[in-house]
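Each remark here refers to the structure printed beneath this line.
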């Protein structure tokens with residue numbers, strides 16, 4: 001089977017990132033380990049924060065760093081925690097660019113969301129591994145694209161027993177005014193437990209901004 005256009009596009013994005021990294025790279029190292037999240041149980045621990053620049057070395061501003069961390073937390077809350085708790089999420093597409101939002105209703109849906117998992121009857125416990133960020137800066141030093149790691153484990157109990165969900169991969173955020181939105185992603189998901197589809201799922205998409 002030949003690779004899909006989505007995979008070709010993602011590979012092209014990775015090649016571009018490597019090319020930028022070869023030009024120059026600025027790093028702020030470990031970020032301040034405090035970040036506000038929409039769910040007090042979801043702790044975002046900052047990992048390495050760096051920037052691949054096509055011009056002079058630059059660093060990701062603290063405000064943008066924290067905004068991307070908050071965007072990661074908000075996506076996890078609305079795509080996984082809230083559905084498991086039986087809460088309605090009014091506007092999931094708001095986490096994505098207009099070009100990427102259709103993935104929520106397409107073949108990538110299962111890798112992105114846990115809306116089809118049975119509702120939790122016990123506490124939903126998320127564990128998010130340290131989140132590393134890599135910005136891409138143009139020759140003028142403007143950073144409009146930031147890649148984020150995602151390694152999330154969710155443990156809970158449904159009426160049929162314990163359930164564990166593990167989602168890992170990368171999210172690519174693009175600046176959209178004063179916010180950061182997901183423009184592409186590369187995710188793999190496994191779900192274990194009674195009453196859930198235990199088959200591993202994965203998805204890759206690259207969308208324009």
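The values are calculated or read from the model by the stated rules, or taken from the named source; none is laboratory data. Keep in mind that what you see is a predicted model, and the values were worked out from it rather than measured. All Cβ positions, even for glycine, are placed from backbone atoms using ideal geometry, and neighbour counts span all protein chains on display.
Some observations on this one:
- Criterion: closer than 19 Å to residue 129 by Cβ and either at pLDDT below 95 or loosely packed, with under 14 Cβ neighbours inside 10 Å (or both) - qualifying residue of 46, 61, 38, 83: 38
Listed here are the residues, each with its yes/no results for (1) at pLDDT 95 or above; (2) outside any loop (DSSP other than H, G, I, E, B).
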| residue | (1), (2) |
| --- | --- |
| 145 | yes, yes |
| 150 | yes, yes |
| 155 | yes, yes |
| 168 | yes, yes |
| 172 | yes, yes |
| 192 | no, yes |
| 199 | no, no |
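- Among the residues of the range 79-101, those identified as under 24 Å from residue 156 (Cα atoms), in a helix (DSSP H, G or I) and without any contact (Cβ under 8 Å) to a residue 40 or more places away in the chain are 79, 82, 83, 92.
- Any hit, the range 96-119, residues being under 21 Å from residue 45 (Cβ atoms), surrounded by 14 or more Cβ atoms within 10 Å (Cβ to Cβ) and at pLDDT 95 or above: no
- Selected residue [outside any loop (DSSP other than H, G, I, E, B) and over 16 Å from the mean Cα position of the chain (by Cα)] from 136, 104, 60: 136
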